[in-house]
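Novice: First the structure, which I've put down as structure tokens, then a few questions once you've had a look.
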Amino acid sequence: MKLVVLANREPVRRVGERYEVALGGLAAALYPAIQARGGVWVAWGPGGQDERIELPGLVVRRVPISARRVAGYYRGFANQALWPLFHLFLEHFRIKRGWWRDYRAANAAFAKAAFQEGGPDALYWVHDYHLALAPALLREAGARWVGIFWHIPWPPLEVLSVLPEAEALVRGMLGADLVGLHTPDYVERFLEAARGLLGVRVTEGGVWFGGRFVRVAAFPIGVDVAGLRDARERVRERAAEIRAAFPGRRILVGADRLDYTKGIPERIRGYRRFLEKYPEWVGKVVFLQLTAPSRESVPAYRGLKSRLFRLAEATERRFPGAFVHRYAALSRDELLAHFAAAELTLVTPLRDGMNLVAMEYALVSEGLPLLSRFAGAARYLKGAFPVNPYDPEGLADALAEALVLSQAERRARRTELLASVQGLDVGNWTEGFLEALSK
Ligand code: GDG
């Protein structure tokens, strides 16, 4: 069956006159499945440019959305209403007249383009919070197989109800045959929302809606296990260079997109508390925080960026040589080399649908992650040190504990960690979702 993926971002980049597949993030996960089935990726594209790009094994269909509409659909409704609300950041939640209209229109444009590509019998796989309404729109157009995967957390009904369009949003998603989320907790809350907002009958594993059974289940995403294992060798030399740049210091690393959900300032505060409380470590450790620029056109991110820079500079001054902040989009291998160079990683989101960094780190390095209890991944990754990022004291103590681990305990934790990460291979995730959808 032909596969049609709907996702906000396109999986290609332009190189001179040509396009190539850009195998980052979701694209890497889905490319093999698309190639195997022959398929189309429908994404938002800059208007006035090529609307259909044919690459080996993949067609990219671009949905032109005007700059004005992008402001409402993407920067507005998706990133200033849904993103903060679903991550429980009510203080960043905004609603503006017109955003919902733009969101609906963008979803309609996606669904229309996708149906033109796939017709009634394709397998439609919709991704994420940008496109919650697309499943119902595809169904109305005549699509028979529709799935949606929700990459971010699902909040409790009380929080979801803050969104004036909550009911319409859930109704849109229930146009699918299969709704996937990362954890059983999110699944339960989604079912609670369907029952609470639409009064539908919820049974084991799904809901009855409009005479159809919609299956709702947890599909925890993972990483490219074999690819990351191979990367170890490739980045070995660069990792040694990074280590050599900090002689006599044990290296800790943190890496995220700039986002208030990722708990970067909280992590730095925990690290500062660690150096104050355990001064014997001053001069013996360095913490490298790698932050990739993201969503800089959204006001909350600009505010976060300046707060983060101030805190980072103050930390570099207060503890010379113990902290480095790099604000840049690193190449994949440069990022992985930093992982390989470090003996611990601090993954401290205040809320995160899943979080892939701890898994990537586990496969590329020999070390262990400190992992926030509020990341979906915490439910799956054994062997990590669970931490509460809101509590600098607890973070400081966990770091102190992790740095003096015995060889035996380190080995035992690594074994558990690797077993859990290997169980979360992204290839299995993709095939598992598609198999459930085509049943
Ligand atoms: C959403 C959900 C869920 C980071 N800095 C650089 C860079 N990265 C890479 C990491 C990782 C990816 O970006 C980030 O993935 P996450 O999972 O941590 O977070 P989100 O982007 O928020 O993704 C999340 C995910 O969807 C999948 O469902 O896990 O919860 O929020 O791969 O390594 N990559 C490069 N340079 C950097 O500087 N190349």
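The values are calculated or read from the model by the stated rules, or taken from the named source; none is laboratory data. The structure presented is a predicted model; accordingly, all values stated were derived computationally and were not measured. Backbone-built Cβ (ideal geometry, glycine too); neighbour counts: all protein chains shown. Note: areas computed on protein heavy atoms with side chains; ligands, DNA, RNA excluded. Shrake-Rupley method; radii C 1.70, N 1.55, O 1.52, S 1.80 Å.
Novice: Quick check on segment 40-56: of everything there that is of a type outside the set (A, V, I, L, M, F, W, C) and either open to solvent by less than 10 Å² (accessible area, probe 1.4 Å) or at pLDDT below 85 (or both), which residue is farthest from Leu228 (Cα to Cα)?
Specialist: Going through the qualifying residues, I end up with Gly48.
Novice: Could I ask something else about it? List, please: which pairs have Cβ atoms under 6 Å, are six or more places apart or on different chains, and start with a residue in segment 242-263 that is in the same structural domain as His325 (by TED's automatic domain parsing) and end with one that is among the acidic types (Asp, Glu) and open to solvent by less than 30 Å² (accessible area, probe 1.4 Å)?
Specialist: What qualifies is Lys262/Asp256.
Novice: Oh, and also: Being buried (at least 19 other Cβ atoms within 10 Å of the Cβ) and closer than 24 Å to Asn388 by Cβ is the requirement here; does Leu304 meet it? Give the derivation first.
Specialist: Working: buried (at least 19 other Cβ atoms within 10 Å of the Cβ): yes; closer than 24 Å to Asn388 by Cβ: yes.
Against the criterion (buried (at least 19 other Cβ atoms within 10 Å of the Cβ) and closer than 24 Å to Asn388 by Cβ), Leu304 qualifies.
Novice: If you don't mind, there's one more thing I want to ask. Got at least one residue in segment 12-19 being more than 16 Å from the ligand (Cβ to nearest atom), in contact with a Gly (Cβ under 9 Å, 6 or more places away or on another chain) and either assigned to a loop (DSSP other than H, G, I, E, B) or not assigned by TED's automatic domain parsing to the domain that holds Arg295 (or both)?
Specialist: Checked segment 12-19: no residue is more than 16 Å from the ligand (Cβ to nearest atom), in contact with a Gly (Cβ under 9 Å, 6 or more places away or on another chain) and either assigned to a loop (DSSP other than H, G, I, E, B) or not assigned by TED's automatic domain parsing to the domain that holds Arg295 (or both).
Novice: Let me ask something additional. Among the residues of segment 150-167, write down those that are open to solvent by 10 Å² or more (accessible area, probe 1.4 Å) and among the small types (Gly, Ala, Ser). First the steps, then the outcome.
Specialist: Step one: of segment 150-167, the residues open to solvent by 10 Å² or more (accessible area, probe 1.4 Å) are 151, 156-159, 161-162, 164-165, 167.
Ser161, the sole residue that qualifies.
Novice: Tell me which residues, restricted to segment 235-258, are loosely packed, with under 15 Cβ neighbours inside 10 Å and part of a helix (DSSP H, G or I).
Specialist: Arg236, Glu237, Ala240, Glu241, Ala244, listed by residue number.
Novice: In addition: So in segment 272-301, with the set limited to residues that are among the acidic types (Asp, Glu) and more than 19 Å from the chain's Cα centre (by Cα), which one is least open to solvent (accessible area, probe 1.4 Å)?
Specialist: Glu276
Novice: From Ala28, Ala33, grab the single residue that is within 16 Å of the ligand (Cβ to nearest atom) and either among the basic types (Lys, Arg) or open to solvent by 40 Å² or more (accessible area, probe 1.4 Å) (or both).
Specialist: Values: Ala33 fails: either among the basic types (Lys, Arg) or open to solvent by 40 Å² or more (accessible area, probe 1.4 Å) (or both).
Within the list Ala28, Ala33, the selection yields Ala28.
Novice: Turning to a different aspect of this structure: For segment 351-370, name all the residues that are more than 8 Å from the ligand (Cβ to nearest atom) and either part of a loop (DSSP other than H, G, I, E, B) or in contact (Cβ under 8 Å) with a residue 40 or more places away in the chain (or both). Can you show your working first?
Specialist: Here is the first cut: in segment 351-370, the residues more than 8 Å from the ligand (Cβ to nearest atom) are 351, 358-359, 361-370.
Those that are more than 8 Å from the ligand (Cβ to nearest atom) and either part of a loop (DSSP other than H, G, I, E, B) or in contact (Cβ under 8 Å) with a residue 40 or more places away in the chain (or both): Arg351, Met359, Tyr361, Ala362, Leu363, Val364, Ser365, Glu366, Gly367, Leu368, Pro369.
Novice: Over 20 Å from Ser331 (Cα atoms), out of contact with any Cys (no Cβ under 7 Å at 6 or more places or on another chain) and either within 16 Å of the ligand (Cβ to nearest atom) or in the same structural domain as Asp256 (by TED's automatic domain parsing) (or both): is that true of Leu23 in this structure?
Specialist: Values: over 20 Å from Ser331 (Cα atoms): no; out of contact with any Cys (no Cβ under 7 Å at 6 or more places or on another chain): yes; either within 16 Å of the ligand (Cβ to nearest atom) or in the same structural domain as Asp256 (by TED's automatic domain parsing) (or both): yes.
Against the criterion (over 20 Å from Ser331 (Cα atoms), out of contact with any Cys (no Cβ under 7 Å at 6 or more places or on another chain) and either within 16 Å of the ligand (Cβ to nearest atom) or in the same structural domain as Asp256 (by TED's automatic domain parsing) (or both)), Leu23 does not qualify.
Novice: Can I ask one more? Which residues, taken from segment 319-350, are surrounded by fewer than 24 Cβ atoms within 10 Å (Cβ to Cβ), near the ligand (Cβ under 9 Å from one of its atoms) and in a loop (DSSP other than H, G, I, E, B)?
Specialist: Ala328, Ala329, Leu330, Ser331
Novice: Please determine, by comparing only the residues of segment 371-386 that are closer than 27 Å to Leu85 by Cα and outside any helix (DSSP H, G or I), which one is farthest from the ligand (Cβ to nearest atom). Before you say what the answer is, go through the steps one by one.
Specialist: In the first step, residues of segment 371-386 are kept if they are closer than 27 Å to Leu85 by Cα; the result is 371-381, 386.
Subsequent filtering for residues that are outside any helix (DSSP H, G or I) retains 371-375, 380-381, 386.
Working: Leu371: 12, Ser372: 11, Arg373: 14, Phe374: 11, Ala375: 7, Tyr380: 11, Leu381: 12, Pro386: 17 Å.
Checked segment 371-386; the qualifying residue farthest from the ligand (Cβ to nearest atom) is Pro386.
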